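Input: a single structure, listed below in C-alpha cells.
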2 protein chains.
Amino acid sequence: MIAFGNSKKSDSDSNKDNKSLSDGVINLDQGDPTMFEEYWMKMKDRCTVVIPAWDLMSYFSDTKNVCWFLEPELEKAIKALHGAIGNAATEERYIVVGTGSSQLCQAALFALSSLSEVKPVSIVAAVPYYSTYVEEASYLQSKLYKWEGDARTFDKEGPYIEMVTSPNNPDGTMREPVVNRKEGGKVIHDFAYYWPHYTPITRREDQDLMLFTFSKITGHAGSRIGWALVKDIDVAKKMVQYLTVNSIGVSKESQIRATKILNELTKTCRTQSESFFEYGYEKMNSRWERLREVVDSGDAFTIPNHPQAFCNFFGKTISSAPAFAWLGLKAERDLGSLLKENKVLTRGGDRCGCAKKYVRVSMLSRDDDYDVFLHRLATIKDLKCIEP
Amino acid sequence: MIAFGNSKKSDSDSNKDNKSLSDGVINLDQGDPTMFEEYWMKMKDRCTVVIPAWDLMSYFSDTKNVCWFLEPELEKAIKALHGAIGNAATEERYIVVGTGSSQLCQAALFALSSLSEVKPVSIVAAVPYYSTYVEEASYLQSKLYKWEGDARTFDKEGPYIEMVTSPNNPDGTMREPVVNRKEGGKVIHDFAYYWPHYTPITRREDQDLMLFTFSKITGHAGSRIGWALVKDIDVAKKMVQYLTVNSIGVSKESQIRATKILNELTKTCRTQSESFFEYGYEKMNSRWERLREVVDSGDAFTIPNHPQAFCNFFGKTISSAPAFAWLGLKAERDLGSLLKENKVLTRGGDRCGCAKKYVRVSMLSRDDDYDVFLHRLATIKDLKCIEP
C-alpha cells in the first residue's frame, strides 16, 4: 500500500550516477520535488539558515496563539506570501502549522468529525483522487470517520466531508465540491498546487478550511511543513489538539527555514530575473510542451487538455502546467506495469479510484530523470508494444 | 484534556520579564526542558548548524533503509551515543526516527495491533502512568486498540500492549512489566529518561521495542525528534508505514541538528569539564536536594524515595534525579488546585490514574521559575493552608 521507500532507486541516487541513467530505474511515483534544487543552488547562500544549539529549544512558540507551536515569524511569512500572490485570503483566519499537509489533513478529519454529532462521518473525493486520502482516512480504523470513495456516486445519508483538491492531484483539473447537500457537509480544500508555477491564479480563494504545503511550492519536501487557513476557531482548536497529541507540535528548525525561504519568494516575486514563480512556470511549461510533443507524435497515449486562463499574478493568459501528468493509454491495458517494465515507476490509476490504463507521473523530478522518462515514453510509443 | 497551550504564561514568556517572576504564573505542567539552555549557551557556536536553501530538499534520506526518511548520519550518531553511555543495545535492530517519541509511540501501537490477529488490542500501563498515553491511545477511537487503564488491575482476555516507562513518568521509579502473561502480550519500553543525568545506568537495555527522545536528553524539545530501536523487521516496517501516512517522514532540518548535538554529547561525555551528562546530573541533583529540603522541613508534602545505585556510566554510586517530582499531600486534598491558587501549574495525579492529592511537577524549568516554585512551596507549607 505504501509506495514510499519501496523503490530500488531514488531520484537522489539516480542523479549521482547520471552517466548510467539510461539503464537505471526512474522513480516518478512520489512527486519528490527535486526539480527545484537547481533554482536554490543558483540562489547560493541567500536563504541559508544558521541555528545555534541554544536556540529553539522550547515546545512553545507563542502561548497566546491558538496554535501555540507556530513560530510567529512563519505566520507573518505565510500571510505575506498569500498577499503577494493573491491566491488565498488570510484575514480573520487561524493559521495551523503541521508536519506537512498530510498531518494537517488528518488533523482536519479529526476536527470536523469530532465536532459532528453523528459518527462515523463519511469521507469522499471525486475520482481521480489523491491516493493518499484513502490511506489517511482508513489506516487507523477510526470510529470517527470512514472512507466512502468517489464523491460523484456517494449516496449515503448522514454527515460527510468532501476532499476537494484544486488543481487536482492527479489530473490537474480545477475542482469544485460535487456533493453539495444542503446540510451535514463539510469541505476540506487542498490547495497544495494553487500557485502560479502550476496553474493560473484566477481568484483569491476564501474557503472555510484550506490546506497548503511548503514542499510543493518551493520543493522543500524534506522540511515537512504545511499550513491550514481555518475560519472557525473550534475547528482550529480541535486541529491543534490533534497535532498536540500526535506529535506535540512541529519542528521549529523547519519552521525557521520555511520562514526564510517563503519571505524570499515574497520579496523577489515581482523581479522577473529572480522570481521563483517565473522560473518555476518556465520550467514546468517547457516540460509540459515536451511531454505533449511525445504524446501527440503517436497514437498510444492520452493526457488531459488543461484550458488556458488569465492569471491575476502574472497579469496574462497562461496554460496550466500541473505537478503531475495524468497519463492514459488508448488501449485497455495496465499502463503502470508497462512503464515499470520500461523502468519507469509511476502511481497506478487504480490507487486514484480509476482504471489501470491511467497512471500519475510526477513532473517534478530532476532534469536527467525527466529526460530519460521522455526518451523511454517515446520508445514505448515507437515500439508499438502497447497491444494487449 | 490537552493542557499544552492552555497556560496563560509559558516558561519562555516568564523568563523575559523575570523581574516580575514573584507575581507570575509558573508553568511546571508540560516538562518543557528549558533548564538545559544554559549549558548550550555556554557551548556558544559549537553545535551551530548551517543549512543552505538547496540542501535537504528530498523526501528521501536513504531508500535502501527500512526507515527511508532517516538521515544516515543521525543513525550513526544514535548508535554512537548509546554505545558511549551503555544504556541500550543497538546491534541487530532497526532504528525508526519520529516527530518526537509521541508519534513513535502511536506508530508502535499501530504496528503491534495491526500485526495482532485479534483486535482491538488492550493498552495498559501501571499507575501512576504518563497521562499522554491515555490520549494517544484514545483520541482517534481506533478499532485497532483500546485504552484499558491500570496494568495492575488488568483482567481482560486477549492480546494486550503494556507501556513500561523506566524511569517512570511521573514518579521516577524503575519499572518492569507487571502483566507478564505467557501469551498475547507485547511491551513498549519508553526509555525517555534512561540517561545518566536522571538515573543510574545499571544495565544495557536490550528490549524488543525501545523508545527514546531527543528532547529529554539535551533539552531540544522544539526539534521534535525521537527514535525507536526495534528488533522485529515487521514491526519496524509497520511503524514506518504509520509515519509515512501520518506525516511522510520527519523534518530533515531537525535530524541534521540532532545529529550534530548528539555527536557532541558522545565526543565530550568523558571530559568532565565539558560533559553534558556531568553538568546535567549536578544540576538535577542540586534541584532535588533543594526540593527535599523544603519537603522535609514541614509535614505537609510527600515525595518518593529513589534508592541509590551504582551507575555504570559515572562509575560510582549515585542517586536518581528524575525529570519530574511526584509530589503528594499528606492530607486528602486536591494538590493541583492548591498549587494553582498559588500560581504554580502542575499535572494533576488524576490524569495519571491516581488521586488528586498527587501532582507531577516538572523539574526541568529555567532556574528563575524553579526558584519561585520552591519559594511558593515553602510558603504553602508554612502557611498551613493545606487543611481541607
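What number results when the radius of gyration of region A:36-90, computed over Cα atoms, is divided by 2.2 N^0.38 Å? Display every interim value, and only then the final one.
Working: Rg = 15.0 Å, N = 55, 2.2 N^0.38 = 10.1 Å.
Here the Cα radius of gyration is 1.49 times the empirical estimate.
What dipole magnitude, in Debye to the nearest 20, does the protein assembly as shown give about its Cα centre under +1 on Lys/Arg Cβ and -1 on Asp/Glu Cβ?
60
Contour minus end-to-end for A:Met174 and A:Ala80, with contour as 0.36 nm per residue of separation and end-to-end as the Cα-Cα distance?
31.4 nm
Please work out the average accessible area per residue across region A:72-268, using the 1.4 Å probe convention, and give it in Å².
The answer is 30 Å² per residue.
With the Cα gyration tensor of region B:72-268 in hand, give its eigenvalues times 5 under a square root as the equivalent ellipsoid semi-axes, listed largest first in whole angstrom.
After diagonalising the Cα gyration tensor, the semi-axes are 27, 19, 15 Å.
Tell me which residues come under 5 Å, amide H to amide H, from B:Thr165 once H is placed; ignore anything under 5 positions away on its chain.
Excluding prolines and chain starts, which carry no amide H, the hits are B:Asp190.
Hey, rough spin-label estimate for B:Ser138 and B:Ala309, points 7 angstrom out along Cα→Cβ, what's it come to in nanometres?
3.1
Please report the antiparallel percentage of the DSSP beta bridges confined to the protein assembly as shown, to the nearest 5. Could the numbers behind the result be given before it?
Details: 50 of 86 bridges.
Antiparallel: roughly 60 percent of the beta bridges in the protein assembly as shown.
Return the FRET efficiency for the residue pair B:Asn342, B:Glu282: r is the Cβ-Cβ distance, R0 is 30 Å, and the value is rounded to the nearest 0.05.
0.55
Roughly how large is the B-A contact in terms of buried accessible area, totalled over both chains, probe 1.4 Å, nearest 100 Å²?
Roughly 6600 Å².
Provide a list, ordered by number, of residues in region A:187-235 showing at least 40 Å² less accessible area with every protein chain present than when their chain is taken on its own, using a 1.4 Å probe.
Residues losing area: A:Gly222, A:Arg224.
Which value in nm describes the separation of the simple spin-label points at B:Asp155 and A:Val127, placed 7 Å from the Cα toward the beta carbon?
The modelled label-to-label distance comes out at 5.2 nm.
Please give the length that would be gained between A:Ser297 and A:Asp208 if that part of the chain were fully extended, namely 0.36 nm times their separation in residues minus their C-alpha to C-alpha distance (nm, one decimal).
Values: separation 89, 0.36 × 89 = 32.04 nm, distance 4.40 nm.
Gain in length upon complete extension: 27.6 nm.
Leaving out ligands, DNA and RNA, and with a 1.4 Å probe, what % of the accessible surface on region B:72-268 is carbon or sulfur?
Of the solvent-accessible surface of region B:72-268, carbon and sulfur hold 47 percent.
In µm²/s, what is D for the protein assembly as shown at 20 °C and 1.002 mPa s, where D = kT/(6 pi eta Rh) by Stokes-Einstein and Rh is the Kirkwood radius from Cα pairs?
Answer, rounded: 78 µm²/s.
At a 1.4 Å probe, which residues in region B:24-51 are at least 10 Å² less accessible with all protein chains present than in their chain isolated?
So the qualifying set is B:Gln30, B:Asp32, B:Thr34, B:Glu37, B:Trp40, B:Met41, B:Lys44, B:Cys47, B:Thr48, B:Val49, B:Val50, B:Ile51.
Whole Å is fine, so just give me how far the alpha carbon centre of region B:117-144 lies from that of region A:68-102.
Centre-to-centre (Cα) distance: 34 Å.
Of A:Lys146/A:Lys252; A:Lys76/A:Lys216; A:Lys79/B:Lys42, which pairs sit farther than 26 Å apart, going by alpha carbon to alpha carbon?
The answer is A:Lys146/A:Lys252; A:Lys79/B:Lys42.
Taking 25 Å as R0, compute the FRET efficiency from the Cβ-Cβ separation of B:Glu289 and B:Lys330 and round it to 0.05.
The pair B:Glu289/B:Lys330 has a calculated efficiency of 0.70.
Take every DSSP beta bridge with both residues inside chain B and express the antiparallel ones as a percent of the total, to the nearest 5.
55
Within chain B, which DSSP H helices have Cα atoms that stretch 18 Å or more along the helix axis and a mean Kyte-Doolittle hydropathy of at least 0.5?
Long hydrophobic helices here: B:100-114.
Rounded to the nearest Å, what's the spacing between the alpha carbon centres of region B:304-329 and region B:213-237? Just the number, please.
Centre-to-centre (Cα) distance: 23 Å.
Going Cα to Cα from A:Lys260, which aspartates and glutamates come in below 17 Å? Please leave out same-chain ones fewer than 8 positions away.
A:Glu37, A:Asp45, A:Asp55, A:Glu71, A:Glu73, A:Glu75, A:Glu274, B:Asp55, B:Glu253
Quote the FRET efficiency, to the nearest 0.05, computed for A:Lys316 versus A:Thr379 with a Förster distance R0 of 41 Å and r equal to the Cβ-Cβ distance.
0.65
The values are calculated or read from the model by the stated rules, or taken from the named source; none is laboratory data. Note that the structure is a prediction, hence the values are computed from the model and not measured. Note that we place each Cβ from the backbone using ideal geometry, even for glycine, and neighbour counts take in every protein chain shown. With ligands, DNA and RNA removed, areas are computed over all heavy atoms of the protein, side chains included. Shrake-Rupley method; radii C 1.70, N 1.55, O 1.52, S 1.80 Å.
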